1. How would you order 126-135, 33-42 from highest to lowest mean count of nearby Cβ atoms within 10 Å?
2. Compute the FRET efficiency between Glu186 and Glu128 as 1/(1 + (r/R0)^6), taking r as their Cβ-Cβ distance and R0 = 22 Å, and round to the nearest 0.05.
3. Using a simple spin-label model with points 7 Å from Cα along the Cα→Cβ vector, what separation in nm is obtained for Arg121 and Asp69?
4. Taking every DSSP beta bridge with both residues inside the stretch 5-228, roughly what % is antiparallel (nearest 5)?
5. Can you tell me which of 69-77, 14-22 comes out highest on packing, and rank the rest after it, using the mean Cβ neighbours within 10 Å?
6. Which one of Val200, Ala122, Val224 is farthest out on the positive end of the charge dipole of the stretch 88-233, using unit charges on Cβ (Lys, Arg +1; Asp, Glu -1) and the Cα centre as origin?
7. Would you mind putting 83-91, 218-226 in packing order, based on average other-beta-carbon counts within 10 Å, highest first?
8. From the residues Gly16, Leu68, His96, which one has its Cα farthest along the dipole of the stretch 5-228 in the positive direction, the dipole being from +1 and -1 charges on Cβ of Lys/Arg and Asp/Glu about the Cα centre?
Amino acid sequence: MSGILEAQGLRKLYRGGDGAPIEVLSGVDLAVRRGEFVAIVGASGSGKSTLLHLLGALDAPSAGTVQLDGLDYARQSAGELAAIRNRKIGFVFQFHHLLREFSALENVMMPLLIAGPDEVRARSRAEELLAAVGLAGRMTHRPSALSGGEQQRAAVARALATDPLVVLADEPSGNLDHGNSERLHELFSRLAREFETALVVVTHNRLLAGRADRVLSLEGGHLVPLSGVESMP
């Protein structure tokens, strides 16, 4: 395997209500290259979000390894994992999770201010990214004054703030109407190419999956390559 983000033999088990183990992931292997857009599809409950949490160091596998840029998550302390999440990974979820009391600009600046004290650089980077996602004229607006599509584009800009090695997105257009979904899909299709960021997106949306370089289906705890979106479950 060769990639900026690599997972090998990932397994995840939970305990059911009767105490019996439930295996959600059964040995997942994945390698994503810098600048590659990978879509992961599958039935509801198949473990897609669980896999994304493991790739993002938000949870630990029952077995197997995840490495980002050669760093094995299992060998990192809690503080080191937090630094990896803050500086090397960008997250985009179905709901934008923008802080309501701050403007779009301040929300995008936040990860940079956490990473370091340079407010001038943080503001410049945030302005650049908001312009890149089509929000140059909406920077001073709070989330409540933005449309759903604008909120999600601001969330994408925030995910890119620290120039991460990988962006992980979980159903990013699941809460949007068709028009806003299409604008967000176009934005995602540009991300990996223009920012040279590895992009892994969990989605049920065939149009978004169709823009990916590769489409993988999570079936029976394993990732299976798909030849096209027509074979999506």
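1. So the peptides 126-135, 33-42, ranked by packing, come out 33-42, 126-135.
2. About 0.70, to the nearest 0.05.
3. Using points 7 Å along Cα→Cβ, the separation is 1.4 nm.
4. Of those bridges, close to 55 percent are antiparallel.
5. 69-77, 14-22
6. Going by the Cα projections, it comes out as Ala122.
7. Put in order of decreasing packing, that is 83-91, 218-226.
8. Among Gly16, Leu68, His96, the one farthest towards the positive end of the dipole of the stretch 5-228 is His96.
Coordinate-derived values only; no laboratory data. What you see is a predicted model, and the numbers here were worked out from it, not measured in a lab. Note that each Cβ is placed from the backbone with ideal geometry, even for glycine, and that neighbours are counted across all protein chains shown.
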